[in-house]
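Visitor: Got a structure for you, written out below as structure tokens; questions coming shortly.
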């Protein structure tokens, strides 16, 4: 089946979303992946409402029929989160920003799915159709979302060569790539899958955090050396206010709890120094802890994110909004505070 375990579970368990622990998602640093999956499910819901067809119904029916007949079911597609993370790693800053904006548009938008998108869905699959607009302009995105999955699924099928009969249920768009890889690939399937599941680890040495930290500490030291403790304290205060206030403002716009806003203010000046102190993650974690989403919030999530009012009404959506807007405010604050510090030092 052209499915991974997560997508199969979402097809067969309508209450899956409601069972999710949003606090654990934030703690594990998977907020971006959760948002991408939410955008995908929102697109599926909009398509289902427009065409009166349940997306993935054919795959669900195939799984149910196989189980009814006592046949083993093998899931051959790569996990969506891995595909998304590999795609983000291969995109540049602009590509990630463009794709992130597209995800937000997909969650906010309520327009009908166009005829071109429907035709692409007939020839491909839901994941491909969801990213088709970006993939057509990005070789890196096309490679990870489409081509790599052809190779991955072919490797999974080659693992089943000892079986007498294998029936593969896949989207029509994958047939040419699968046929080519099945005919030509000679590498060990396990090796191919390991290669395509690998996510590049970040550099062991935190270069960016070190550079920013050196700039800040050096700036404070230079200010003290040039103008005394008062100048150094003034630079520090301006940095804290620029980053803290803008991070807190982002959290406040998201409707954050007062303690979440306070957490954003405290974490924002420290965010550039260490990833674990990221203001968006800290404030969203506090928000999720203080205002834990209910079962009803999860069940209404796919509908609520399609309206502006719903983002602030639904606790899960508001946590995501908190994460993104706090992070955005802090990022603006870092640039603003850094430029003001540089101006004072140069002046």
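Visitor: Looking at the P(r) of the stretch 140-289, how many percent of alpha-carbon pairs lie beyond 19 Å? If you can, show how the numbers build up before the last one.
Guide: Values: 7774 of 11175 pairs.
Cα-Cα pairs in the stretch 140-289 separated by more than 19 Å: 70 percent.
Visitor: In whole Å, what are the Cα extents of the stretch 266-347 along the three principal axes, biggest one first?
Guide: 55, 24, 15
Visitor: Just for the Cα atoms in the stretch 248-306, what are the lengths along the principal axes, largest first, rounded to whole Å?
Guide: Sorted from largest, the Cα extents of the stretch 248-306 read 37, 21, 21 Å.
Visitor: Do you know the relative contact order of the stretch 207-346, to the nearest whole percent, from alpha carbon pairs under 8 angstrom that are 6+ apart?
Guide: 32 percent
Visitor: Let me ask you something else. What distance in nm separates the two pseudo spin-label positions at residue 185 and residue 340, each 7 Å out from Cα along the beta-carbon direction?
Guide: Reported label-point gap for residue 185 and residue 340 is 5.4 nm.
Visitor: Could you give the alpha-carbon Rg of the stretch 207-346 over 2.2 N^0.38 Å, rounded to two decimals?
Guide: Numbers: Rg = 17.4 Å, N = 140, 2.2 N^0.38 = 14.4 Å.
That works out to 1.21 for the stretch 207-346.
We did not get these values from a lab; they are worked out from the coordinates using the rules stated. Predicted model only: the values in this text are computed from it and were never measured. Cβ coordinates were reconstructed from backbone atoms using ideal geometry, including for glycine residues, and neighbour counts include every protein chain displayed.
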